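Engineer: Structure below; questions to follow.
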Amino acid sequence: MSEKQLHLGAFITGSGSSVASWRHPDSPSDGPVNLQHNLKLAKIAEEAKFDFAFIADSAYITKESTPYFQSRFEPLTILSAMASHTEKLGLIGTFTTSFSEPFTTARQLASLDKLSGGRAGWNAVTSALEDVAKNHSQDKLYDHAERYAIADEYITVAKGLWDSWEDDAFVRDKEQGVYTDLDKLHTLNHVGKYFSIKGPLNMEPSPQGRPIVFQAGASDIGRDLAARQADGIFSPSSDLEEAREFYKDIKQRAAFYGRKPEEILIFPAITPVIGATEEKANEKYERVSSYVDINLAIRYLSRYFSFFDFTQFPLDEPLPDLGDIGNNSFKSTAEMFKKMAREENLTLRQLALRAASPKGKFVGTAEQIADRMQELFEAEAVDGFIIYGQVQPEGLQEFTEQVVPILQERGLFRKEYTGSTLREHLNLSYPVNRYTQEREARSINHA
């Protein structure tokens with residue numbers, strides 16, 4: 001049995017990872033807003049003992065937006081519903097740091113954390129689509145570096161607000177008439193470059209202390225933010241060498257900031273497509289990809305480049321050098337696509353289809369997929385994986401029924417939950433309240 005075990009999250013995407021998955025006969029066409037479908041995915045993940053479910057989000061659409069972005073649940077709403085229909089599964093939602101207030105986000109996440117019994121997580125994003133700003137009474141997106149500076153202060157404020165109440169502050173002694181120990185209530189009084197927040201937060205700590213923080217930036221400045229602030233980070237690649245470099249870099253940066261490297265976990269997203277043979281798996285992938293309309297695929301690709309007009313290029317000729325297009329949008333993803341086009345000499349058609357219907361290296365038999373996951377895990381390139389289904393619920397169901405038992409057999413994944421909170425699932429230490437630490441330090445000094 002492996003001493004260290006990998007972690008698994010389920011990417012709840014509604015219909016699936018392909019922009020045309022909703023056309024598949026076994027997927028509900030209204031997947032992103034079908035409550036029962038979303039609850040079913042959460043239950044599948046929990047039955048397989050996954051660490052968490054993950055909800056992505058975007059606050060801007062156009063007529064060119066892909067189908068599953070056009071109408072979808074806001075993360076807190078659907079995660080709250082999932083909380084009431086699951087018992088152990090972690091619940092991670094995406095909330096922006098660029099166009100919301102830290103007090104509101106801290107309160108919403110603390111509420112989800114409390115009502116779920118300590119299972120909440122926050123994917124802190126800076127927002128990367130230019131016109132998101134125009135949905136929030138602003139003219140334009142902050143530049144890339146400033147978005148990350150804002151995010152750093154925002155997360156710091158949220159963590160400070162989550163420490164407003166020490167763990168044992170809520171006495172609730174009916175006989176003595178004491179509801180709270182007010183000596184254990186603390187006001188943040190934060191005054192910074194971007195935010196001025198008094199506090200305290202009107203929500204007590206959950207059993208895991210405070211929500212888990214995830215981050216997804218892969219640029220240099222994004223990596224630095226994650227190393228300082230995040231408990232988990234979404235890796236941009238599942239290629240062995242690229243993933244190992246990213247893993248090593250993040251762990252080294254975390255150590256530089258005085259953190260234990262094992263206290264930040266790294267997850268690439270993968271889309272397993274499982275068949276009885278590798279050939280059958282490829283046929284399944286191609287069958288779903290055949291639903292993709294090329295015009296839709298090009299629109300999807302353009303999203304990562306601030307809706308750049310790719311139609312000016314011929315469909316079946318190699319893409320020209322795109323220069324700095326996309327550098328103030330989804331910077332690391334745009335760079336990944338530019339690199340892919342350049343190194344593989346891809347046409348616009350080929351690149352758009354790659355983006356719209358991701359394939360990767362996890363198309364094959366259940367054994368082959370488990371082998372690949374084990375290889376990356378044991379090479380210290382990942383701590384776990386976020387599982388997309390190419391078609392939902394089929395993709396997640398097949399992975400849990402066919403690949404998870406192999407991982408369990410090899411001692412790489414749990415057979416039962418050993419804790420109740422997301423923090424316990426991820427084997428992350430409990431965050432001792434800063435004011436409790438100060439109190440204990442004073443006691444030691446005066447002893």
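Engineer: Where does the chain land at 222 nm, in deg cm²/dmol rounded to the nearest 500, when only DSSP H runs of n ≥ 4 count, each adding -39500 (n - 2.57), divided by all residues? Mind showing how you got there, number by number?
Structural biologist: Details: 16 runs with 174 residues, N = 447.
So the helix-based figure for the chain works out to -11500 deg cm²/dmol.
Engineer: Given H placed on each backbone N at 1.01 Å, which residues far from ALA269 in sequence or on other chains put an amide H within less than 5 Å of it?
Structural biologist: SER235, ILE386
Engineer: What's log10 of I(q)/I(0) for the stretch 140-202 at q = 0.18 Å⁻¹, Debye sum over Cα points only, no solvent?
Structural biologist: Taken in order of the listed q values, log10 I(q)/I(0) reads -0.70.
Engineer: Binning at 10 Å from 0, report for the stretch 400-447 what percent of all alpha-carbon pair distances ends up in each bin.
Structural biologist: Over the stretch 400-447, the share of Cα pairs per 10 Å bin runs 21, 26, 22, 14, 13, 4 percent.
Engineer: Subtracting the Cα-Cα distance from 0.36 nm times the residue separation, let me have the gained length for HIS136 to ARG287 in nm, one decimal.
Structural biologist: Computed gain between HIS136 and ARG287 is 50.3 nm.
Engineer: Pairs of lysines 8 or more apart, or on different chains, with alpha carbons under 21 Å: count those in the stretch 155-277, would you? Numbers along the way, then the final one.
Structural biologist: Numbers: LYS159/LYS184; LYS159/LYS193; LYS159/LYS198; LYS159/LYS260; LYS174/LYS184; LYS184/LYS198; LYS248/LYS260; LYS251/LYS260.
Number of lysine pairs found: 8.
Engineer: Find the centroid of the Cα atoms in the stretch 153-209 and in the stretch 347-373, then give the distance between the two in whole Å.
Structural biologist: Each part reduced to its Cα centre gives a spacing of 46 Å.
Engineer: Okay, next question. After finding the eigenvalues of the alpha carbon gyration tensor for the chain, what semi-axes result from the square roots of 5 times each, listed largest first in whole Å? Present the calculation step by step, with values, prior to reporting the outcome.
Structural biologist: Details: eigenvalues 275, 133, 88 Å².
Three semi-axes, in Å: 37, 26, 21.
Engineer: List the pair-distance distribution P(r) of the stretch 153-245, using every Cα-Cα distance, as the percent of pairs falling in each 10 Å bin from 0 up to the bin containing the longest distance, rounded to whole percents.
Structural biologist: 14, 32, 27, 16, 8, 3, 0
Engineer: Which order do peptides 343-355, 391-403 fall in by mean Cβ count within 10 Å, highest first? Write out the running numbers ahead of the final one.
Structural biologist: Details: 343-355: 17.7, 391-403: 22.4.
Ranking, from highest mean packing down: 391-403, 343-355.
Engineer: List the equivalent ellipsoid semi-axes of the stretch 1-78 in whole Å, largest first, each obtained as the square root of 5λ for an eigenvalue λ of the Cα gyration tensor. Can you show the working numbers first?
Structural biologist: On the way: eigenvalues 137, 39, 30 Å².
Output for the stretch 1-78: semi-axes of 26, 14, 12 Å.
Engineer: Considering all projection directions equally, how large on average is the shadow of the alpha-carbon convex hull of the stretch 363-410, in square nanometres?
Structural biologist: Values: hull surface 13.2 nm².
Mean projected area for the stretch 363-410: 3.3 nm², to one decimal.
Engineer: Oh, and also: Give the shape of the stretch 280-383 as rounded, prolate or oblate, defined through the alpha-carbon gyration tensor: a ≥ b ≥ c are the square roots of its eigenvalues, a/c under 1.5 means rounded, and otherwise the shape is prolate if a/b is larger than b/c and oblate if not.
Structural biologist: On the way: a/c = 2.44, a/b = 1.49, b/c = 1.64.
Oblate, since a/c reaches 1.5 and b/c is not below a/b.
Engineer: What are the trypsin sites (Lys or Arg not before Pro) within the stretch 139-207 that DSSP puts in a loop, where the Cβ has at most 11 other Cβ atoms within 10 Å?
Structural biologist: Working: sites: LYS140, ARG147, LYS159, ARG172, LYS174, LYS184, LYS193, LYS198; in loops: LYS140, ARG172, LYS174, LYS193, LYS198.
Qualifying residues, ordered by number: LYS140, ARG172, LYS174, LYS193, LYS198.
Engineer: Can you give me the long-range amide H partners of LEU91? Hydrogens built in the peptide plane at 1.01 Å from N, cutoff under 5 Å, separation of 5 or more residues or another chain.
Structural biologist: Excluding prolines and chain starts, which carry no amide H, the hits are ALA53, ALA120, GLY121.
Engineer: Next up: Among 307-316, 50-59, 282-291, how do they line up by average Cβ neighbours within 10 Å per residue, starting with the highest? Provide the component values of the computation, followed by the final result.
Structural biologist: Working: 307-316: 13.4, 50-59: 23.9, 282-291: 16.0.
The most tightly packed comes first, giving 50-59, 282-291, 307-316.
Engineer: Hey, another quick one. Pull up the DSSP beta bridges for the chain and report the antiparallel fraction as a percent, rounded to 5.
Structural biologist: Details: 5 of 36 bridges.
Around 15 percent of the beta bridges assigned by DSSP in the chain are antiparallel ones.
Every number in this text was worked out from the coordinates using simple rules, so none of it is lab data. Owing to the predicted nature of the structure, the values given are computational and were not obtained by experimental measurement. When we count neighbours, we look across all protein chains shown, and the Cβ atoms used for this are built from the backbone with ideal geometry, even at glycine.
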